[in-house]
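I have placed the structure first, in the form of structure tokens, so that the comments after it can refer back to it.
The values are calculated or read from the model by the stated rules, or taken from the named source; none is laboratory data. Not measured: the values here are computed from a predicted model. Note that each Cβ is placed from the backbone with ideal geometry, even for glycine, and that neighbours are counted across all protein chains shown.
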Amino acid sequence: MSRTSRLPRSICVYCGSRPGRDPRLAADAAAFGRTLAEAGITLVYGGGSIGLMGILARSVLEHGGRVIGIIPGHLDHREITQTGLTELHVVGSMHERKRMMFERSDAFVALPGGFGTLDETIEIVTWRQLHLHDKPVILVDLRGYWQPLLKLLDHMNEEGFAGPEVHGLFEVVSSMDEILPALAASPAPDLPDREELL
């Protein structure tokens, strides 16, 4: 897909530091990396070289794209920082990492992952709920991966701890091919980022 003015200039992707049991996930991550590079969209991610995040970053680089990695110093050994990135920022804390990822990104995409992916995704959705930003957020529900989370949100709604508007804070797609069209169709953010409150 060629880049259009409706596509974001940079996308933050949250995904696993493990590859997962399904080998198709690695192929999905690699294909999306190529898509980002060919569309001229900068990848912003957690800076690691392992799991889906490493596969994604290397694919963007191999296809001539730009990658910004942001990793806390204490994770440098555990997530084995990816070499050859366009930019690498080693920061002092997880919060600093999240904030810099937010500042460098025009949109957010969540692929399958573990606790870290879930934490980052929930936080960026919560910031949107609190009107701290109005950037698009996409959950990529590959082969139903995020269905338990979506059912939990329904349960929260039923129990009175969330309203139906929670589902409007993000969009759900079921394949990698749907990500960029969904972002291209997203309305332009009309809420200024309130970075001083993050």
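For Arg58, are the conditions met, namely being in a helix (DSSP H, G or I), in contact (Cβ under 8 Å) with a residue 12 or more places away in the chain, among the basic types (Lys, Arg) and out of contact with any Lys or Arg (no Cβ under 7 Å at 6 or more places or on another chain)? It is true that Arg58 is in a helix (DSSP H, G or I), in contact (Cβ under 8 Å) with a residue 12 or more places away in the chain, among the basic types (Lys, Arg) and out of contact with any Lys or Arg (no Cβ under 7 Å at 6 or more places or on another chain). Here is the figure for the range 116-142: residues that are assigned to a helix (DSSP H, G or I), under 23 Å from Ala185 (Cα atoms) and either without any contact (Cβ under 8 Å) to a residue 12 or more places away in the chain or not β-branched (Val, Ile, Thr) (or both) total 6. Among the residues of the range 174-189, is there at least one that is of a type in the set (Asp, Glu), exposed (fewer than 15 other Cβ atoms within 10 Å of the Cβ) and modelled with pLDDT of 95 or more? Yes, the range 174-189 contains a residue that is of a type in the set (Asp, Glu), exposed (fewer than 15 other Cβ atoms within 10 Å of the Cβ) and modelled with pLDDT of 95 or more. All conditions but one from (1) over 12 Å from Ile11 (Cα atoms); (2) surrounded by fewer than 18 Cβ atoms within 10 Å (Cβ to Cβ) apply to Gly48; the one that does not is (2). Cβ-Cβ contacts under 7 Å between residues 6 or more apart (or on different chains), taken from a first residue in the range 145-170 that is under 13 Å from Ala110 (Cα atoms) and modelled with pLDDT under 95 to a second residue that is among the acidic types (Asp, Glu) and assigned to a loop (DSSP other than H, G, I, E, B), are absent. Could you say whether any residue in the range 96-105 is surrounded by fewer than 15 Cβ atoms within 10 Å (Cβ to Cβ), in a helix (DSSP H, G or I), touching a residue at least 40 places away in the same chain (Cβ under 8 Å) and out of contact with any Gly (no Cβ under 7 Å at 6 or more places or on another chain)? So far as the range 96-105 goes, yes, one or more of its residues are surrounded by fewer than 15 Cβ atoms within 10 Å (Cβ to Cβ), in a helix (DSSP H, G or I), touching a residue at least 40 places away in the same chain (Cβ under 8 Å) and out of contact with any Gly (no Cβ under 7 Å at 6 or more places or on another chain).
Restricting attention to the range 1-27, the residues that are of a type in the set (Lys, Arg), part of a loop (DSSP other than H, G, I, E, B) and either modelled with pLDDT of 95 or more or buried (at least 17 other Cβ atoms within 10 Å of the Cβ) (or both) add up to 3.
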